[in-house]
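Have a look at the structure below before the remarks.
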Amino acid sequence: MKIKTKLRLGFGFLFLVVLIFGGLSLYYMNRISVSAKVVLKDNYKSLKYSGKMRAVLEDHAIPLAPDSERQFAEQLLLEEKNITEPGEQKAVEMLKKSFKQMTDPLASVEVKAAALANARKLLRAIDDLNMDAIVRKNDAAQLGVEQAATYLIFAASMCFLVLFSFVVNFPGFVANPLREFSEAIKEISRKNYKQRLEFNGTDEFAELAKEFNAMAALLNKWENSNLAKLQSEKLRIEAIIEQMQDAIIGLNEKKEILFLNHVASQLLNLNEQDVIGSDVIELMKKNDLLNRMLQINSSDKPMKIYADGKESYFQLERREIMVPAWEDQQEQVMRETRKTAGEVYILKNITRYKELDEAKTNFIATVSHELKTPISSIKMSLKLMDDERVGSMNPEQKELVQHIKEDCGRLLKITSELLDLAQVETGNLQLNFVKSDPRKIAIYAMDAVRFQAEQKSIELELISKNNLPKVNVDTEKTAWVLVNFLSNALRYSPEKSKVMIQITEIGDNMEFSVRDFGKGIDEKYQKRLFDRYFQVPTDGNNKSGSGLGLAISRDFIEAEGGKIWVESAIGEGSRFCFLLPIVE
């Protein structure tokens, strides 16, 4: 039998029980109502009529006036029509005779007095008959009410027992199978794919149990076929993580430690078995190094940690664990999204590379310093050769000497830039901060490149207000940056053009900018302009530098607490800018 049919029969039975109980209630309530109506109709009116006739006799003397006779006759007629009790008919007949005697004009006074006394006696008799009847009928009505109440209580008790039995047993018919399904589904969620349901019958629960068992069988088959593969992949990943030389820590979305390899446990001084599954927030309170790692969002600067008996350098990398997720859309279409399932922190040991980098920096600094002296000597010798007092040279020799001069100047500039770079990389950059006038810095830089500008007939224009606020900077380094900007602008500007130097006060900062009207720089190169050794590809007409000038400029400006950037577009020229804080 289908569940729908069973539900219909059950609720139909409840409806029938309610109808039966309602019918019995209406029946007995009707009986009580009829009994009450009989008492009011049959006896109350008789008492009312007799009372009015008595009032006429008591209020008026014999003989009665015509109006009083008429009232008495009317009430007597009504009483005659409302005779309901045994003996009442006889009393009414005798009352009529007494009334005739009282109203007979020929009767003597004694006869009328006797008739009056008899009428009063008969009225009392009628009252007694009706009062006795009221008492009797009231007792009968009370008995009927008691019987009806007994029957209703019995019927209500039976209905209550039936309904209570239905309420207790019938919900279990639906709830018990659902509870079994719920427990079975929980077992499936715990990967107990051997869970089975057994339902006898042909209803929907039996069919659903059959489908559930088929699903569990398929899941069990899939689990058996994939479990070994998953286990092997897990062990392989754990082995790879464990053998890596980098410290690796994995967290889940609840900020609990998922895994921790041997290197990380040694570096953080944590026991791997004790911390797996622990709350990383609590561990951070007890482990300063772990706290440092998790507090750093992203940083290019390496972390210095004492490890392997010496100060070592580690580069921190953070990766989010993203897993696919599916979202229901209003159009009933499933859309694949990704959500965060945790984080992985990797500490790469870059001590060896740091040592090599320091060795490289020291080598460059040493070589640059050693080369600077002979190059300066060569420049001095070339200057002496160009002196007419030493001897004259033919035009070809002068041209060769001029080329040698330019190459020596370029070599000297590169060695100076390499020395500055070495100072920055080793942290030995010395800055002499003084309160300086921004206009004086710009004018100093313009004077340094004015000869180069005159050779190409390029106009240098300074745009700024007078009495600008001062900036607290290293004047020499800041002017060096402006000179580097101006040199690049002059190199890539066409002849007879203009280069603009602009100084603008922006909030609490002073903006320096150098604008040229050359070919401009492609957007794909702009982000790398301030990287070391990077050079924008040229067509060969302009000689490129070492690729260090802008990188050193960035280091100088950032060391002074400023910011540097470039704005450029093909065909519109370039604008190199930097911000420096104003002195409070």
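Per-residue answers, yes or no, for (1) outside the structural domain of TYR306 (by TED's automatic domain parsing); (2) under 26 Å from ARG319 (Cα atoms); (3) surrounded by 11 or more Cβ atoms within 10 Å (Cβ to Cβ); (4) not basic (Lys, Arg):
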| residue | (1), (2), (3), (4) |
| --- | --- |
| GLU198 | yes, no, no, yes |
| ASP203 | yes, no, yes, yes |
| LEU208 | yes, no, yes, yes |
| MET215 | yes, no, yes, yes |
| TRP222 | yes, no, yes, yes |
| LEU235 | yes, yes, no, yes |
| ILE248 | no, yes, yes, yes |
- Message: I'd like the residue in segment 66-123 that is touching a residue at least 60 places away in the same chain (Cβ under 8 Å) and of a type outside the set (Gly, Ala, Ser) and, out of all such residues, is farthest from SER46 (Cα to Cα).
- Response: ARG120
- Among (1) at pLDDT below 75; (2) in a helix (DSSP H, G or I), THR202 falls short only on (2)
- Any chance segment 290-297 includes a residue that's outside any helix (DSSP H, G or I), surrounded by 13 or more Cβ atoms within 10 Å (Cβ to Cβ), within 23 Å of the chain's Cα centre (by Cα) and at pLDDT below 80? no
- Heads up, the strands (runs of 3 or more DSSP E) in segment 459-522 (entirely inside) with at least 2 residues that are on the phi > 0 side of the Ramachandran plot are none
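If you check GLN243, GLN273, which single one turns out to be loosely packed, with under 11 Cβ neighbours inside 10 Å, closer than 30 Å to LYS186 by Cα and not aliphatic (A, V, I, L, M)? Give the derivation first.
Values: GLN243 fails: closer than 30 Å to LYS186 by Cα.
That would be GLN273, the only listed residue that is loosely packed, with under 11 Cβ neighbours inside 10 Å, closer than 30 Å to LYS186 by Cα and not aliphatic (A, V, I, L, M).
The values are calculated or read from the model by the stated rules, or taken from the named source; none is laboratory data. Note that the coordinates shown come from a computational prediction; the quantities given were computed from them, not determined experimentally. Cβ atoms come from the backbone with ideal geometry, glycine included; neighbour counts cover every protein chain shown.
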